[in-house]
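Working notes, structure below.
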Amino acid sequence: MTEQPGTDADRAPVRIERDGVVATVVIDRPKALNALSPEVLRALADAFDELLEEADAVRGVIVVGEGGRAFVAGADIRSLSTLTPEEGAEASRLGHRVASAIEAFPAPVIACVDGFALGGGLELALACDVIYATDASSFGQPEVRLGLIPGFGGTVRLPRAVGLSLAKELIFTGRRIDAATAEAAGLVARRFADREALLAGARATIEEVAANAWTAVALAKRVLVDAAGTPTETAASLEVAGFADAFRTADMREGVAAFIEKREPEFSGR
Ligand SMILES: CCCCCCCCCCCCC[C@H](O)CC(=O)SCCNC(=O)CCNC(=O)[C@H](O)C(C)(C)COP(=O)(O)OP(=O)(O)OC[C@H]1O[C@@H](n2cnc3c(N)ncnc32)[C@H](O)[C@@H]1OP(=O)(O)O
């Protein structure tokens, strides 16, 4: 799909901003409320592939929508209207590829929601590790109002985030919930008064994580992602393997030694 002139045509749909150990992935289609076109999805997948090449220097990623009105207002409905069922399946697979790239990234990815997070937008946020939001934000899976169902992981991750009962209510009604309700439901980890506080809070969290053994943080994320939704026995065996892997790191030896010697650890990332 090509952007209409005078809309977002003159800008890349996604950009990466680097500042120290923090990388920020900005979805930049504000005139379409950052709707997910195929170009946006491919650019998101490329962005995380690019960040993976620098993973030894990036301790956390912020994902945010440009414009202050929306994180992402869903899949691009104009694009969806042109699809055959097979193209729809391909679009859904493209969305799942982006979600997998986010879940595979070896550091925390924080969705900073400022405005609407709807449909594929909420699903993108759910693929991230943590969701932070401004008070004015809202969340929903309105696909059924378009004759669709969630196609970017919403039927998988929303029940995990808020429980099956509320997930079914949101998916069946297409209703939007505000940030306070989303926080109370466990969908949003922290709320902030405005965009500036939101981004500052996400940065502070990443810097706090960066002070830890990021080998352990990466291991914990891998276990949490791989174990999600699996039977308890499977999840437990994944944790056992991850715990054993931690003993193979220099960081574990350094962390333990630093505690015993009553000094600050100096983690190497090995
Ligand atoms: C091969 C082709 C592939 C095509 C798709 C590729 C991506 C696929 C991704 C994987 C699968 C995703 C599966 C997902 O589960 C499906 C969905 O997400 S379906 C869409 C769900 N979202 C919605 O239904 C929300 C739609 N928007 C609204 O309800 C309202 O815009 C709003 C958010 C409540 C805000 O309302 P207002 O404040 O009144 O603002 P406007 O409505 O005037 O919007 C401003 C402007 O933005 C345009 N716009 C908003 N949302 C979208 C959108 N989702 N797609 C396209 N454009 C959108 C709106 O049209 C306005 O533009 P203008 O008319 O001014 O040009």
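The values are calculated or read from the model by the stated rules, or taken from the named source; none is laboratory data. Keep in mind that what you see is a predicted model, and the values were worked out from it rather than measured. Positions of Cβ are generated from backbone atoms using ideal geometry, with glycine treated the same way; all protein chains shown enter the neighbour counts. Please note that ligands, DNA and RNA were not included when accessible areas were found on the heavy atoms of the full protein model with its side chains. Shrake-Rupley method; radii C 1.70, N 1.55, O 1.52, S 1.80 Å.
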Taking Gly74 as the residue in question, decide whether it is within 21 Å of Pro142 (Cα to Cα), more than 8 Å from the ligand (Cβ to nearest atom) and either modelled with pLDDT under 95 or assigned by TED's automatic domain parsing to the domain that holds Ser137 (or both). no
Before we move on, is Ala167 assigned by TED's automatic domain parsing to the domain that holds Ala101, within 16 Å of the ligand (Cβ to nearest atom) and without any contact (Cβ under 8 Å) to a residue 24 or more places away in the chain? yes
State whether one or more residues within segment 36-48 are in contact (Cβ under 8 Å) with a residue 24 or more places away in the chain, part of a loop (DSSP other than H, G, I, E, B), among the polar types (S, T, N, Q) and near the ligand (Cβ under 9 Å from one of its atoms). yes
Cβ-Cβ distance below 6 Å, separation of 6 or more or different chains: which pairs start in segment 109-138 with a residue that is within 8 Å of the ligand (Cβ to nearest atom) and end on one that is open to solvent by 10 Å² or more (accessible area, probe 1.4 Å) and charged (D, E, K, R)? Gly119/Glu143
Selection status of Arg59, near the ligand (Cβ under 8 Å from one of its atoms), farther than 17 Å from Phe152 by Cα and in contact (Cβ under 8 Å) with a residue 40 or more places away in the chain: no
For segment 222-270, what are the residues that are under 23 Å from Val156 (Cβ atoms) and not in a helix (DSSP H, G or I)? Ala228, Gly229, Thr230, Pro231
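The rows are residues; the columns are (1) more than 17 Å from Phe105 (Cβ to Cβ); (2) touching a Pro at 6+ places or on another chain (Cβ under 8 Å).
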{"position": "Arg222", "(1), (2)": "no, yes"}
{"position": "Ala228", "(1), (2)": "no, no"}
{"position": "Pro231", "(1), (2)": "yes, no"}
{"position": "Ala244", "(1), (2)": "yes, no"}
{"position": "Arg248", "(1), (2)": "yes, no"}
{"position": "Met252", "(1), (2)": "yes, no"}
Segment 82-108: number of residues that are away from the ligand (no atom under 11 Å from the Cβ) and either polar (S, T, N, Q) or over 15 Å from the mean Cα position of the chain (by Cα) (or both): 2
Condition met for Ala99 (out of contact with any Cys (no Cβ under 6 Å at 6 or more places or on another chain) and outside any helix (DSSP H, G or I)): no
If I filter segment 116-126 for residues that are within 19 Å of Ile206 (Cβ to Cβ) and not in a helix (DSSP H, G or I), do I get at least one hit? no
Consider Ala55 against the criteria (1) open to solvent by 10 Å² or more (accessible area, probe 1.4 Å); (2) modelled with pLDDT of 95 or more; (3) touching a Phe, Trp or Tyr at 6+ places or on another chain (Cβ under 9 Å): it satisfies all of them except one. Which criterion is unmet? (2)
